[in-house]
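Please treat every number below as a calculation from the coordinates, not as lab data. Bear in mind the structure is a predicted one, so any value in this text is a computation, not a measurement. For neighbour counting, all protein chains shown are included, and Cβ atoms are generated from backbone atoms with ideal geometry for every residue, glycine included.
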Amino acid sequence: MKPAKDKVLIFGLNYERDDFVKELKGKFYKTSKGYDSYEIFDVEASFIFKIAIVVVEVFQFTHADPLIGFEQVFMDLVKDEVTITIGWDIWSGCFVTANDPKGGAWILQIGNYLDGQLNSL
């Protein structure tokens, strides 16, 4: 038996709470250069800072100050001569991407770790 879902009354209409709460999911992609990328749609730009905290604390990368524009935010992180970028833009949402082939293994590790953490960040 399924548990009862919370009902919300908005402007006289009944909705289930799940109608408003999206479960975050990431997907792995290849960039146009063939580098690995992990992307999360439907999050705000500030979400990159939550991911950056995980990448620094769990994977021991160091970070540079973010570059913030009108429609995008980017932050490079470095470990053992590997540079990855965490970013957000109005087209892709949030992403963690390798800047060269050496970063691919890190993107897979970070993405797999984040898959289990996204909804609790």
Quick shape check on the stretch 70-121: root eigenvalues a ≥ b ≥ c of the Cα gyration tensor, a/c under 1.5 is rounded, otherwise prolate if a/b tops b/c, else oblate, and it reads oblate
So, for the Cα atoms of the stretch 23-120, Rg and Dmax in Å stand at 12.0, 34
Rounded to the nearest 0.05, FRET efficiency between F49 and E23 (Cβ-Cβ, R0 25 Å) equals 0.75
